[in-house]
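Student: Dumping the structure here so I can ask a few things about it.
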Amino acid sequence: MTTENVQDELTIPEAEWNSSMFNLAQQQFLGASKLMGLDENIRNRLLFPQRAQIASFPCRKDKYSEVETVFGYRVQHVLTMGPTKGGIRYHEDVNLGEVSALAMWMTWKCALMHLPFGGAKGGVRINPAEFSRSELQRLTRRYTMEFVNMIGPDKDIPAPDMGTNAQVMAWIMDTYSQQVGYTAPEIVTGKPIVLGGCKGREEATGRGLVYLIQEAALHIGIDLKNATAVIQGFGNVGRNAATFLEQLGVKIIGISDVSCGLYSEKGLALSAIDDHLQKNGTLVGYKDASQISNNELLELECDILAPCALQNQITDQNAPYLKCKMLAEGANGPTSLEADKILWDRGVFVLPDILGNAGGVTVSYFEWVQNTQEFAWTLEVVNERLHHIMVEAFQRTLMRSQRDNVDMRTAALLEGIARVAEAKLLRGVFP
Ligand code: GLU
């Protein structure tokens, strides 16, 4: 069973954050809450973000006379579990609905992994490729100031997401520290290591996904040494997942970036592709592979397909034609509700986003713990603890999916929602 569309059974008021992505997050939540018989009062509390702030603010461009007005967001979905946690995204499609959906998914993700956080997300609607480094620095510092009262080491802790990285976190950390008057590394995670970042954080999302792929391969009987993988997206998550899969002997036969896809039956040489990207900026023109479209990439015959790019990639249009045995979601929200049902009927094993990409926020949690204790762990300790948490969450989700006869996404949502609901009940209603 998968979560069904239950919109007609509950009238959700038209709201500021309405968008197709927020609708997907709400529908997933409503489907799971119906299956578990969630208390109606709690269901309605969790259906919307608890706090959201929008700001429009100026960014001075390198040409001094030019000032661009940009839009920034921060959404905190659930404040019950501890501080809120989630990345900041710089992308031209960012809007309140998208950020709210991502914040809701962060809530279930943190609860599923048993991390002491509620979900949050932030974003700025820009194309970061069109901003110089100094423009991005000014934009980031001003964004931080606009939301300075909302974030805090005990309140809400940002991290990198699409379009942001360790350098952006360093600027946020510096700006916040200037405001409070002392160095506060624990305000963000995903920082450069020299500023209190955690060893292994940068690769953690890709590494965590591959730990899960190993478990799932054992479960469905794929021998990784003879397996093939296709990876959509060659950013932080996709690139690292590719490396770790290659180390396990998996043949990477397809990859893509925004410009195009590449296919090679004999396997792609990742380091040669890195060199090509260094020189050319995009995958286009890479000689040792055939160039294919995004759709062709998704429909390649392979054992593991890992969407590690944008949302809404696997839909009812292409789900009937996927030829993978396992869908390993590194991206947030890559699969539509209709596609979930098709994949379930076709027996494709799904590692759902809130589990699949949870390695990132798990190591973010490690970073925050190390910062508050002022004690740094070794990479071995980080990876061993990450492995333990990922495998435990995988087994727990798998058991629930088998017990309740639901797909892995529904099982992961049930795990996360049940924990948040229990905490809400225990805390009660104020006043
Ligand atoms: N942006 C990442 C995610 O979607 C990481 C969030 C974090 O580390 O707080 O899970």
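The values are calculated or read from the model by the stated rules, or taken from the named source; none is laboratory data. These figures come from a predicted structure and were not determined experimentally. Cβ sites come from the backbone with ideal geometry, for glycine too, and all protein chains shown count toward neighbours.
Student: Does Val361 satisfy the condition of being in contact with a Gly (Cβ under 9 Å, 6 or more places away or on another chain) and either modelled with pLDDT under 95 or assigned to a strand (DSSP E or B) (or both)?
Tutor: When the stated conditions are applied, Val361 does not pass them.
Student: Of the residues Leu355, Leu413, Leu343, only one is of a type outside the set (D, E, K, R), within 16 Å of the ligand (Cβ to nearest atom), part of a helix (DSSP H, G or I) and within 25 Å of Phe234 (Cβ to Cβ); which?
Tutor: Step by step, each of Leu355, Leu413, Leu343 is checked, and only Leu355 is of a type outside the set (D, E, K, R), within 16 Å of the ligand (Cβ to nearest atom), part of a helix (DSSP H, G or I) and within 25 Å of Phe234 (Cβ to Cβ).
Student: Of everything in the stretch 201-230 that's of a type in the set (Gly, Ala, Ser) and within 14 Å of the ligand (Cβ to nearest atom), which residue is farthest from Glu299 (Cα to Cα)?
Tutor: Among them, the one singled out is Ala204.
Student: Filtering the stretch 366-376 down to residues that are part of a helix (DSSP H, G or I) and over 19 Å from Val210 (Cβ atoms), which residue is farthest from the ligand (Cβ to nearest atom)?
Tutor: So, considering only residues that are part of a helix (DSSP H, G or I) and over 19 Å from Val210 (Cβ atoms), the one farthest from the ligand (Cβ to nearest atom) is Gln373.
Student: Quickly run through the stretch 115-143 and pick out the residues that are of a type in the set (A, V, I, L, M, F, W, C), part of a helix (DSSP H, G or I) and touching a strand residue (DSSP E or B) at 6+ places or on another chain (Cβ under 9 Å).
Tutor: Leu136, Leu139
Student: Restricting attention to the stretch 73-114, report how many residues are of a type in the set (Val, Ile, Thr) and in a strand (DSSP E or B).
Tutor: Total satisfying the criteria: 3.
Student: Within the stretch 1-44, which residues are within 17 Å of Gln76 (Cβ to Cβ) and at pLDDT below 95?
Tutor: If the condition is that a residue be within 17 Å of Gln76 (Cβ to Cβ) and at pLDDT below 95, then Ala15, Glu16, Trp17 are the ones that fit.
Student: Now for a separate question. Please pick out the residue among Arg133, Arg125, Arg142 that is in contact with a Cys (Cβ under 8 Å, 6 or more places away or on another chain) and more than 15 Å from the ligand (Cβ to nearest atom).
Tutor: Matching residue, one of Arg133, Arg125, Arg142: Arg142.
Student: Taking Val194 as meeting all but one of (1) over 15 Å from Cys308 (Cβ atoms); (2) of a type outside the set (Ser, Thr, Tyr); (3) outside any helix (DSSP H, G or I), write down the number of the exception.
Tutor: (3)
Student: While we're here: Do we have any residue at all in the stretch 377-388 that's within 14 Å of the ligand (Cβ to nearest atom), free of Cβ contacts under 8 Å to residues at least 12 places away in the same chain and within 21 Å of the chain's Cα centre (by Cα)?
Tutor: Checking the stretch 377-388: not a single residue is within 14 Å of the ligand (Cβ to nearest atom), free of Cβ contacts under 8 Å to residues at least 12 places away in the same chain and within 21 Å of the chain's Cα centre (by Cα).
Student: On the given criteria, is Pro158 at pLDDT 95 or above and buried (at least 22 other Cβ atoms within 10 Å of the Cβ)?
Tutor: Yes: the conditions hold for Pro158.
Student: Does at least one position in the stretch 401-410 carry a residue that is in a helix (DSSP H, G or I), at pLDDT 95 or above and farther than 15 Å from Leu35 by Cα?
Tutor: no
Student: Restricting the stretch 110-125 to residues that are touching a residue at least 60 places away in the same chain (Cβ under 8 Å) and over 11 Å from Gly82 (Cβ atoms), which is farthest from the chain's Cα centre (by Cα)?
Tutor: The extreme case among them is His114.
Student: Got a sec? Which of Gly72, Gly119 is away from the ligand (no atom under 13 Å from the Cβ), modelled with pLDDT of 95 or more and either over 23 Å from Val258 (Cα atoms) or small (Gly, Ala, Ser) (or both)?
Tutor: Gly72
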